[in-house]
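Take a look at the structure below.
The values are calculated or read from the model by the stated rules, or taken from the named source; none is laboratory data. These figures come from a predicted structure and were not determined experimentally. All Cβ positions, even for glycine, are placed from backbone atoms using ideal geometry, and neighbour counts span all protein chains on display.
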Amino acid sequence: RKEVEQDPGPFNVPEGATVAFNCTYSNSASQSFFWYRQDCRKEPKLLMSVYSSGNEDGRFTAQLNRASQYISLLIRDSKLSDSATYLCVVNSNNNDMRFGAGTRLTVKP
Amino acid sequence: GAVVSQHPSWVICKSGTSVKIECRSLDFQATTMFWYRQFPKQSLMLMATSNEGSKATYEQGVEKDKFLINHASLTLSTLTVTSAHPEDSSFYICSANRQVGYTFGSGTRLTVV
C-alpha cells in the first residue's frame, strides 16, 4: 500500500463548479498535512496546511480526519486558473514529506 | 519569503557523463535539504535527505554511489548524477524546511541521451 494515496483523476469541471479531492495516508504517526499545487513542469507550491479542526482559505477548504487517516480539499467556484495538479502531502514524525501521486484538475470555460 | 535557488533548470547530457545540480538557500540557512525525483505523471519520490556537515541519508532503492550528495555549507547542497543513463531522465527537485513550511527549488529537468 502506498503511503499517501489520492484520487487518480483527472477531474474536468466547468468554471464555477465545486470539486473535491480526497487523500488517505497509511502512517498513523503522521504529524502534519498539506495540500500543494503543482503546475506543469514547475515546482510544487504550498496551497494550504490542513488542521484537525478544518480550515478555509477563500474558495479552498481543507479537512482532516485522523481517525480515518483521511484528508480532503474542496474548491468552490472553480476558476480557469485553478487548473493544476493537486498534491496531498503528509509529514511524518521524522520530518520528511511524503507525496501523493497528485490529482489533475482541468477547469474549462 | 524564503527562496531556494536551483540550477540548472534543465540539462541534456550524453549517457555516461555526470551532471551536478545545485540548490542554494538564498535568505536562510538550510541545515537539511531534501532531494526528490519525479517521473512523468508520477508523484515526487524522496531520494535522500542531506544534512550539513554529515553524510546524506538515502531512501531504500536509491544508489548512494550513483547519486552523490554534498551539503558542505548551510546554504548549498548539491546532487551529482554520476554515469547518467537514459533511465535517469527525470525532474529533480530540492526542498528545505523552514518554520513557515517547506520551500522548493524550481527543479531541474534532466534528459540523458
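Here are the numbers:
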| quantity | calculated |
| --- | --- |
| Matching entry among A:Glu5, A:Glu15, A:Glu56 (being touching a helix residue (DSSP H, G or I) at 6+ places or on another chain (Cβ under 8 Å) and surrounded by fewer than 19 Cβ atoms within 10 Å (Cβ to Cβ)) | A:Glu15 |
| Yes/no for B:Ala72 being away from every other protein chain (no Cβ under 14 Å), out of contact with any His (no Cβ under 9 Å at 6 or more places or on another chain) and part of a loop (DSSP other than H, G, I, E, B) | no |
| Among residues of region B:1-47, those that are buried (at least 16 other Cβ atoms within 10 Å of the Cβ) and either at positive phi or among the small types (Gly, Ala, Ser) (or both), counted | 4 |
| Flag if B:Ser50 is more than 13 Å from the chain's Cα centre (by Cα) and either under 26 Å from A:Lys2 (Cα atoms) or surrounded by fewer than 20 Cβ atoms within 10 Å (Cβ to Cβ) (or both) | no |
| Wholly within region A:1-68, strands (runs of 3 or more DSSP E) carrying at least 2 residues that are modelled with pLDDT of 90 or more and out of contact with any Lys or Arg (no Cβ under 9 Å at 6 or more places or on another chain) | A:4-6, A:19-25, A:32-38, A:45-50, A:55-57, A:60-65 |
| B:His71 surrounded by fewer than 20 Cβ atoms within 10 Å (Cβ to Cβ), in contact with a Gly (Cβ under 9 Å, 6 or more places away or on another chain), more than 18 Å from A:Val89 (Cβ to Cβ) and of a type outside the set (Ser, Thr, Tyr) | no |
